[in-house]
Every structure is written in structure tokens, then in C-alpha cells.
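Structure first, then comments.
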Amino acid sequence: MKRTLKGQFGYIKNQRKIELAKTLIMLALCVATYYIGIFSTGSNKNLLTFVAILGVLPMAKFAVSTVLFSKAKGCSEELHEKLISNNVTVNFYDLYMTAYKSSFAFSAVVYGKDSLVFLSEDEKLNENEAKAHVEQVLRNISVENVTVKIFIDSDKFIERAKQLNDGGIEEMPTVIADNILSVSI
């Protein structure tokens with residue numbers, strides 16, 4: 001199975017399965033350890049019970065990740081095909097950023113001409129709040145000359161992405177790319 005990296009199409013869908021598998025494996029290990037302790041000593045007052053209880057902590061961490069990834073929606077197949085058919089060069093797919101008050105699901109991100117353009121398929125997305133969050137992320141790394149635009153309409157996003165890629169594909173600066181990926185799940 002080929003691993004899908006953060007920022008690639010299908011990352012959220014793939015990671016959702018991985019996190020669920022990790023949670024279920026840890027749960028099975030905890031339960032098995034607990035019952036092995038009971039069967040071997042005839043009581044739950046043994047060291048294996050303690051080990052099983054401690055195993056619940058990493059399982060809970062995986063469970064939180066599972067819930068977070070189950071809420072996240074990645075780029076749809078239809079949108080992905082639409083972007084490819086329109087020759088849009090996308091820097092990142094499937095980003096899910098969390099902030100203090102809300103979360104932002106972005107299907108695609110394009111960089112060019114000092115502009116960072118996001119597309120979200122979430123109709124309930126507060127565009128101003130999402131833009132403010134991304135701008136704050138950029139300010140935190142002392143990047144202030146980049147314009148941020150959030151789109152809900154895929155046709156407008158495609159039109160703007162084509163404008164940005166007009167003079168050739170521009171590589172996203174590493175500091176921006178690394179930070180955008182680091183603040184996304």
C-alpha cells in the first residue's frame with residue numbers, strides 16, 4: 001500500500017483508515033492484556049491490569065485523532081477531476097486546519113505571484129475567519145507580503161489559479177509550505 005503524504009490528494013481519506021486501525025489495535029491490545037492477567041492470576045489485581053490501564057492512554061490519543069479525521073472532509077473526486085481537466089496545478093490537497101473557535105477544511109491550495117489561494121467545499125465555512133486564521137499563521141512566521149484568498153466557488157478558484165499559473169508554475173516558498181502543512185492535520 002502506497003502511503004499518501006500530507007498535502008496529497010486522498011490524504012484525509014487514507015489517514016482516517018490508518019488512525020481507526022491504530023485505535024482498534026490499541027484497544028485490542030489493552031483488552032487482551034487485561035484478560036491475560038485475569039486468566040493467569042485469577043484476579044484483576046495484577047501487574048498486567050496496570051499495564052492494560054496505561055495502554056488506554058495512547059489508545060485515547062489515537063481515538064481523538066480518529067474523531068478528528070472523521071470530521072475532516074478532503075477534496076472530492078469530482079473536484080479533483082475538475083481541477084485536473086482544467087490543468088490547474090495544485091500545491092496541496094486535503095488540508096484541515098484547526099483554530100481555537102473553529103476548523104477549516106480546504107480541498108485545494110494554489111500559490112503564485114505572492115498569492116495563496118484556498119478552495120473549500122464546505123458551504124458553512126466562514127471565509128473571513130478562515131482568511132484571518134491563515135494570515136495569522138503567515139504572520140507567525142514573519143511572512144507579510146502574501147495575499148490570502150479563500151474561495152467556496154470552484155469555478156472562481158479555477159479562474160484565479162489559472163491566472164496565478166499563467167507565467168509558469170511558481171514553487172511555494174519552503175517556509176510557507178512547511179508552516180501550512182504543520183498547522184494542518
**Item:** Relative contact order of the range 83-133, defined on C-alpha pairs under 8 angstrom at six or more residues apart (%)
**Value:** 26 percent
**Asked** What is the helix-to-structure angle for 127-140, meaning the angle in degrees between its Cα long axis and the longest Cα principal axis of the chain, kept from 0 to 90 and rounded to the nearest 10?
**Response** 80 degrees
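Using helices alone, what [θ] at 222 nm do you get for the chain, with -39,500 (n - 2.57) per DSSP H run of 4 or more residues, divided over all residues and rounded to the nearest 500?
Values: 6 runs with 99 residues, N = 185.
After summing the helix terms and dividing by residue count, I get -18000 deg cm²/dmol.
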**Message:** Suppose all protein chains stay in the model; what accessible area per residue would a 1.4 Å probe give for the range 19-132, in Å²?
**Reply:** 57 Å²
**Item:** Gap separating the Cα centres of the range 1-32 and the range 47-117, nearest whole Å
**Value:** 12 Å
**Asked** So, counting K/R as plus one and D/E as minus one, what does the shell of residues with Cβ under 13 Å around Leu27 add up to?
**Response** +1
**Prompt:** How large is the charge dipole for the chain, taken about the Cα centre, if only the Cβ atoms of Lys, Arg (+1) and Asp, Glu (-1) carry charge, to the nearest 20 debye?
**Reply:** 940 debye
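Is the range 66-172 best put as rounded, prolate or oblate by its Cα gyration tensor, with a ≥ b ≥ c the root eigenvalues, rounded for a/c under 1.5, and otherwise prolate when a/b is larger than b/c, oblate when not? List each step's numbers first, then the result.
On the way: a/c = 1.91, a/b = 1.13, b/c = 1.69.
Judged from the Cα gyration tensor, the range 66-172 comes out oblate (a/c at least 1.5, b/c at or above a/b).
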**Item:** Folded to 0 to 90 degrees: helix 154-164 orientation relative to the chain principal axis, Cα
**Value:** 60 degrees
**Request:** Taking DSSP loops as anything outside H, G, I, E and B, show the longest stretch in the chain free of GluC sites (Glu not before Pro) there with at most 14 other beta carbons within 10 Å.
**Result:** 1-122
**Request:** Project the alpha carbons of the chain onto their principal axes and report the range along each, largest first, in whole Å.
**Result:** 73, 35, 30
**Message:** Need one value: the accessible area of Ile36 in square angstrom, 1.4 angstrom probe, rounded to the nearest 10.
**Reply:** 100 Å²
**Message:** Give me, ordered by chain and number, the residues 5 or more places off Cys75 or on other chains with an amide H under 5 Å from its own placed amide H.
**Reply:** Gly10, Asp94
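Counting other Cβ atoms within 10 Å of each Cβ, which trypsin sites (Lys or Arg not before Pro) in the range 31-121 have at most 11 and sit in a DSSP loop?
Values: sites: Lys45, Lys61, Lys71, Lys73, Lys82, Lys101, Lys113; in loops: Lys45, Lys73, Lys101, Lys113.
Answer in residue order: Lys45, Lys101.
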**Prompt:** Could you give the angle, 0 to 90 degrees to the nearest 10, between helix 11-41's Cα long axis and the longest principal axis of the Cα atoms of the chain?
**Reply:** 10 degrees
**the range 1-108, accessible surface, carbon-and-sulfur percent (1.4 angstrom probe)** = 67 percent
**Complete:** Largest first and rounded to whole Å, the semi-axes √(5λ) derived from the alpha carbon gyration tensor of the range 131-172 read 22, 15, 6
**Request:** Have a look at Arg16, Arg160, Arg139 and tell me which one the Gaussian network model of the chain (Cα, springs below 10 Å) gives the largest fluctuation.
**Result:** Arg139
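The values are calculated or read from the model by the stated rules, or taken from the named source; none is laboratory data. This is a predicted model, so every value here is computed, not measured. Quick reminder, even Gly has a Cβ in these numbers, built from the backbone with ideal geometry, and neighbours come from all protein chains shown. The area values use the complete protein model at the heavy-atom level, side chains included, leaving out ligands, DNA and RNA. Shrake-Rupley method; radii C 1.70, N 1.55, O 1.52, S 1.80 Å.
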